[in-house]
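See below for the structure under consideration.
Nothing in this text is a laboratory measurement; each read-out follows from the coordinates by a stated rule. All of these numbers come straight from a predicted model, not from anything done at the bench. Backbone-built Cβ (ideal geometry, glycine too); neighbour counts: all protein chains shown.
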Amino acid sequence: MTSPLSHGRRFQLLGGAAFRSFRCLWMLEELGLAYDHLLVMPQSRKLKGLNPLGKVPVLIERSESDSNGSNDKPLFVMYESAAINTYLGDLVNRMQESNNYNGHNGERLVPLAGTHERGLFDQTVSCIITELDSQSLWIHRKHDAMGNIFGHIPKAVEHAKSHFNTVNAVLAQQIRDNAISNYLVGSHFTAADILYIHCLDWSRSIGWDDQWKKDEQLCEYVKNCTDRPAYRQVAEMRAEEMKAIKAKSGL
């Protein structure tokens with residue numbers, strides 16, 4: 001989980017791997033950036049001091065001299081998983097260009113700004129976040145899994161699942177239409193795939209994989225992504241967290 005300090009920077013990632021923080025933990029592992037993982041729960045006082053919305057993940061960037069977090073004012077704080085991952089990818093791109101970073105294998109997880117590939121990357125990320133996540137999966141969580149808080153609205157959940165299947169079919173077709181790789185964007189795995197796989201994992205956990213699990217090419221894509229060592233590392237973290245939560249609740 002922790003690698004040597006990277007170009008005088010160290011990161012703290014707040015939020016459990018059972019939440020959207022999984023995406024950022026995976027990105028950090030892929031990039032080989034030094035980080036510490038703090039299991040801070042949503043809506044906690046500490047978290048609201050960093051993200052007024054009280055949600056995870058939150059990324060804190062510190063200097064090498066403040067690696068233990070003793071300085072109350074970090075260099076930089078971010079929230080929103082897609083924005084965090086794009087920032088980290090751009091940061092490593094800059095480090096690679098200046099020959100100040102050797103922690104990654106050379107493949108850009110975020111394409112360079114101003115390129116057609118970056119345009120497609122940003123489009124894909126926006127689609128995943130706004131259509132697949134917030135208008136589909138989050139509606140299920142809000143009005144089904146957390147219906148006791150936000151209200152049970154079965155019709156909204158039914159429509160959300162239908163929308164998920166429509167959007168997911170478009171993204172699966174994007175992979176098929178990619179003539180140079182079996183990924184969403186460009187010639188290799190990118191941070192867009194991290195977001196997409198997390199959403200597919202989420203859909204499987206709520207039984208919304210009944211359509212896409214019949215798609216052999218998409219299932220092969222999922223296997224290729226989830227076989228990556230960085231994914232497996234964070235999946236183990238998630239499993240340990242869930243085990244601890246169940247033990248604490250007496251389940």
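Quick notes on this structure:
- Of the residues M41, H140, L218, the one whose Cα sits farthest towards the positive end of the charge dipole of the chain is M41 (charges of +1 on Lys and Arg Cβ, -1 on Asp and Glu Cβ, taken about the Cα centre).
- Beta bridges per DSSP with both ends in the stretch 9-97, % antiparallel, nearest 5: 70
- Charge sum, other residues only, whose C-beta stays under 10 Å from P57's C-beta, Lys/Arg counted +1 and Asp/Glu -1: +2
- Positive contributions from Lys and Arg (+1) and negative ones from Asp and Glu (-1), summed over other residues with Cβ under 12 Å from the Cβ of Y183, come out at -3.
- Gaussian network model of the chain, springs between alpha carbon atoms under 10 Å - residue of V110, V77, V56 with greatest fluctuation: V77
- Residue order for F22, F150, fewest other beta carbons within 10 angstrom first, comes to F150, F22.
- Among L31, L171, L109, the order by Cβ neighbours within 10 angstrom, fewest to most, reads L171, L109, L31.
- Annotation for the stretch 8-66 versus the stretch 179-251: alpha-carbon center distance of 20 Å.
- When each of R45, R94, R141, R20 is scored by the number of other beta-carbon atoms lying within 10 Å, the sequence from fewest to most is R45, R94, R141, R20.
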